[in-house]
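Encoded as structure tokens, here's the structure I'll be asking about.
The values are calculated or read from the model by the stated rules, or taken from the named source; none is laboratory data. What you see is a predicted model; the values in this text were computed from it and never measured. Neighbour counts are summed over all protein chains in view; Cβ atoms, including those assigned to glycine, are modelled from backbone coordinates with ideal geometry. Heads up: the accessible areas ignore ligands, DNA and RNA and are worked out on the full protein's heavy atoms, side chains in. Shrake-Rupley method; radii C 1.70, N 1.55, O 1.52, S 1.80 Å.
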Amino acid sequence: MTPTADPAPPVFAGARDRLVRRLGEPAVLVCGIVNVTPDSFYDGGRYQDPARAVDHGHTLVAEGAEMLDVGGESTRPGSHPPSVAEEIARVIPVIDALAHTTSVPVSVDTSRPEVMREAVAAGAVMINDVRALRLRGALDAAAALKVPVCLMHMQGEPATMQIAPTYYDVVGEVHRFLVGRVERCLTAGVAREHIVLDPGFGFGKTLEHNLALLAGLRSIANLGYPVLAGLSRKGMLGAITGRAVTDRLASSVAAAVVAAQQGASILRVHDVAATVDAIAVIQAVDIARAASTKYPQLI
Ligand code: 7PJ
């Protein structure tokens, strides 16, 4: 294969290009989470069996997910990564099955270049990296694979990130970090229209930091790249409501709505059906607002 050849298998190049076009549209996209892990904070162990993970992906698509994000590394605070071989064994069969049996784009939640390459060969059309392509070889792998990449901010590593998160100006620092990663990506040859940004809620952040980022999300969206927000059932919602992870549906939907109103383009969620309904309400109001500007006598 020549270096300029398209590395996506031809059947998936179309799915990738549809995703890139979709990311350019204003409507918010709901991405369903498929965790193939024994230890994720909410659904760890529930979908560890590949067949169950695939079934769950189908359920999320039936609920209205426009994308699925498949991950094999739990990044919950205090967790340690699995071996590369273990991560590959977890995610590749699930990505392969979902890419061949659903109509939605499949993203791989990984930081490792080896996993990125196998995942794209199996049909993944986006890379979601909580380490923003900072592991050795990841940036070059992502550029060569020519798929959209989500660059997430994290202070530290999952094993220790919640011990003492410290910022002087969290919104400014996350903003600067993301701008720096965008520059590195562009230099490495990642296409501008393939870049997605994420402030990384809960990744090396206190409640105060997370709230400042949610309130200031617009400043990140104003960089001009689609923003992904992952707030679903996270600890910050437990801190606000006093509720256990199983009882954070309402707060998760509220947080998703706030993120959408602050300019998020992709909502990464466990609870697809409820989030899709909430976004439908926002969209209906947006349409009414556009109409009222056109025909002011209606308001
Ligand atoms: C995020 C993620 C997030 C992106 C996880 C969970 C914890 N990827 N992977 N953003 N969170 N891009 O499933 O809630 O917030 S793992």
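Test each condition in (1) within 16 Å of the chain's Cα centre (by Cα); (2) under 19 Å from Gln261 (Cα atoms) for Leu211 and report the one that comes out false.
Condition not satisfied by Leu211: (1).
Could you list, in sequence order, all residues of region 235-258 that are farther than 24 Å from Leu223 by Cβ, open to solvent by less than 60 Å² (accessible area, probe 1.4 Å) and either in contact with a strand residue (DSSP E or B) (Cβ under 6 Å, 6 or more places away or on another chain) or part of a loop (DSSP other than H, G, I, E, B) (or both)?
Answer for region 235-258, where residues must be farther than 24 Å from Leu223 by Cβ, open to solvent by less than 60 Å² (accessible area, probe 1.4 Å) and either in contact with a strand residue (DSSP E or B) (Cβ under 6 Å, 6 or more places away or on another chain) or part of a loop (DSSP other than H, G, I, E, B) (or both): Ala244, Arg248.
Okay, moving on. Out of curiosity, is Gly64 closer than 30 Å to Arg18 by Cα, buried (at least 20 other Cβ atoms within 10 Å of the Cβ), touching a helix residue (DSSP H, G or I) at 6+ places or on another chain (Cβ under 6 Å) and of a type outside the set (Lys, Arg)?
The answer is no for Gly64.
Residue under question is Leu186, and the condition is that it be touching a Lys or Arg at 6+ places or on another chain (Cβ under 8 Å) and open to solvent by 20 Å² or more (accessible area, probe 1.4 Å); does it hold?
Spelling it out, Leu186 is indeed touching a Lys or Arg at 6+ places or on another chain (Cβ under 8 Å) and open to solvent by 20 Å² or more (accessible area, probe 1.4 Å).
Then there is this: Whether any residue in region 268-289 is closer than 23 Å to Pro77 by Cα and among the β-branched types (Val, Ile, Thr) is what I want to check.
Checking region 268-289: at least one residue is closer than 23 Å to Pro77 by Cα and among the β-branched types (Val, Ile, Thr).
Only residues that are within 16 Å of the ligand (Cβ to nearest atom) and at positive phi: list them for region 168-207, please.
Gly200, Gly202, Gly204
Also, quick follow-up: Taking the stated definitions as given, is Ser74 of a type outside the set (Asp, Glu) and either within 18 Å of Ala15 (Cα to Cα) or open to solvent by 40 Å² or more (accessible area, probe 1.4 Å) (or both)?
For Ser74, the condition - of a type outside the set (Asp, Glu) and either within 18 Å of Ala15 (Cα to Cα) or open to solvent by 40 Å² or more (accessible area, probe 1.4 Å) (or both) - is not met.
Where residues in region 259-278 are in contact with a helix residue (DSSP H, G or I) (Cβ under 7 Å, 6 or more places away or on another chain) and either among the acidic types (Asp, Glu) or part of a loop (DSSP other than H, G, I, E, B) (or both), which of them is most open to solvent (accessible area, probe 1.4 Å)?
My answer is Gln262.
Regarding Ser232, is this residue touching a residue at least 24 places away in the same chain (Cβ under 8 Å), over 28 Å from Ala5 (Cα atoms), hydroxyl-bearing (Ser, Thr, Tyr) and open to solvent by 20 Å² or more (accessible area, probe 1.4 Å)?
no
Enumerate the pairs (first residue in region 93-112 and under 23 Å from Thr75 (Cα atoms) and open to solvent by 30 Å² or more (accessible area, probe 1.4 Å); second residue anywhere and of a type in the set (A, V, I, L, M) and not in a helix (DSSP H, G or I)) with beta-carbon separation below 8 Å, excluding pairs fewer than 6 apart on the same chain, so at least 6 apart or on different chains.
If the second residue must be of a type in the set (A, V, I, L, M) and not in a helix (DSSP H, G or I), the pairs left are Arg112/Leu135.
Also, I was wondering about something else. Could you please give the count of residues in region 125-160 that are part of a loop (DSSP other than H, G, I, E, B), open to solvent by less than 30 Å² (accessible area, probe 1.4 Å) and more than 22 Å from Ala264 (Cβ to Cβ)?
Matching residues across region 125-160 total 1.
Taking region 41-61 as the search range and keeping residues that are of a type in the set (Val, Ile, Thr) and in contact (Cβ under 8 Å) with a residue 12 or more places away in the chain, which one is surrounded by the most Cβ atoms within 10 Å (Cβ to Cβ)?
Val54
Out of all the residues in region 157-216, which are in contact with a His (Cβ under 7 Å, 6 or more places away or on another chain) and at pLDDT below 95?
Ala159, Pro165
Let me ask something else about it. State whether the residues of region 117-124 include one that is within 16 Å of the ligand (Cβ to nearest atom) and either among the β-branched types (Val, Ile, Thr) or within 27 Å of Lys205 (Cβ to Cβ) (or both).
For region 117-124, residues within 16 Å of the ligand (Cβ to nearest atom) and either among the β-branched types (Val, Ile, Thr) or within 27 Å of Lys205 (Cβ to Cβ) (or both): absent.
Where residues in region 75-91 are in contact (Cβ under 8 Å) with a residue 60 or more places away in the chain and among the hydroxyl-bearing types (Ser, Thr, Tyr), which of them is farthest from Asp43 (Cα to Cα)?
Selected residue: Ser79.
If I go through region 266-299 residue by residue, how many of them are of a type outside the set (D, E, K, R) and farther than 21 Å from Leu237 by Cβ?
The total comes to 15.
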